[in-house]
Amino acid sequence: MHLLIPRHLLDATAPAQPREVFAWPPEEGALPVGDAFGQMLASAVGIAISPLPLIAVVLMLATPRGRVNGTAFTLSWIVSLAVVVTIVVSAGSGADASGDEGPARWTLWLKLVLGVLFLLLAARQWRARPREGREAGTPGWMKAVDRFTPARAAGLAAVLAVANPKNLVLAVGGAVSIAGSGAAAGGKAGAAVLMVLIASLCALAPLAVYLLGGDRSTRMLDEWKTWMSRHNSAIMVTLLVVLGAKYAGDAISGLAG
């Protein structure tokens with residue numbers, strides 16, 4: 001005589017398998033994602049408040065081909081920044097920009113150099129500021145913006161994004177900070193994408209207002225342009241001094257540790 005036992009009862013008698021338990025804090029390397037985001041934020045905001053791209057977009061949007069030229073400018077700005085940030089983050093990660101005890105020493109020396117450059121750019125911006133009662137000179141491209149084609153608008157965006165010394169130093173500095181963080185590849189990629197998006201707000205915001213703002217968009221964009229033009233020197237000098245002090249201070253603290 002054979003005793004038939006249901007299969008589910010046999011399975012219930014098997015030794016229980018240990019279940020995976022969620023551990024906190026996470027393993028080393030999981031938390032530095034926040035550090036990657038925090039390190040690049042100052043540089044991204046510094047690029048985002050650049051007055052020249054905002055003024056360029058506003059001027060283009062006021063022309064008969066404003067929608068096409070403004071879109072071409074914005075897309076080129078995003079792509080140009082993305083290329084620079086991707087190259088620096090990839091090169092830095094491949095060169096062991098982060099170690100077990102924090103950023104590699106070469107990244108600290110690079111941040112020190114960038115900090116000094118920020119301070120030098122601040123001094124240059126201060127010396128070039130318009131004197132009391134005088135207005136800054138108008139660049140030639142601003143006078144010719146009515147005749148721009150989409151290709152020329154895209155080319156101007158690339159020049160302002162990566163050929164402008166201030167924006168290039170900011171982009172490289174933010175990307176080096178991402179590469180030097182202890183985040184995994186996915187965290188660094190996410191920080192790089194967020195950096196490009198934040199840094200592109202100077203072009204994205206005016207375009208969005210133009211496309212979605214209706215009749216009020218013209219007056220709002222003109223107010224933005226006027227305010228940024230009037231306070232350009234004060235904004236950039238303050239920003240560059242703060243960033244220079246931060247980068248140099250972080251680098252000195254790391255090198256002395």
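The values are calculated or read from the model by the stated rules, or taken from the named source; none is laboratory data. Treat the numbers as computed from the prediction; the structure is a model and nothing was measured. A quick note on method: Cβ atoms are made from the backbone with ideal geometry, for glycine too, and the neighbour counts reach across all protein chains shown. These accessible areas exclude ligands, DNA and RNA; they are computed on the full protein's heavy atoms, side chains included. Shrake-Rupley method; radii C 1.70, N 1.55, O 1.52, S 1.80 Å.
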Could you list, in sequence order, the residues of region 87-111 that are modelled with pLDDT of 65 or more, of a type in the set (A, V, I, L, M, F, W, C) and outside any helix (DSSP H, G or I)? Ala104
Return yes when Leu212 is under 23 Å from the mean Cα position of the chain (by Cα) and either surrounded by 17 or more Cβ atoms within 10 Å (Cβ to Cβ) or modelled with pLDDT of 80 or more (or both) and no when it is not. no
Could you identify the single residue in Ala44, Ala56 that is open to solvent by less than 50 Å² (accessible area, probe 1.4 Å), modelled with pLDDT of 85 or more and within 26 Å of Gly214 (Cβ to Cβ)? Ala56
If you go through region 143-161 one residue at a time, do you hit one that is open to solvent by less than 30 Å² (accessible area, probe 1.4 Å) and not hydrophobic (A, V, I, L, M, F, W, C)? no
For region 66-92, enumerate the residues that are in contact with a Ser or Thr (Cβ under 8 Å, 6 or more places away or on another chain) and either charged (D, E, K, R) or open to solvent by less than 10 Å² (accessible area, probe 1.4 Å) (or both). Asn69, Thr74, Trp77, Leu81, Gly92
When you check Ser253 against the structure, is it surrounded by fewer than 24 Cβ atoms within 10 Å (Cβ to Cβ) and closer than 19 Å to Leu108 by Cβ, yes or no? yes
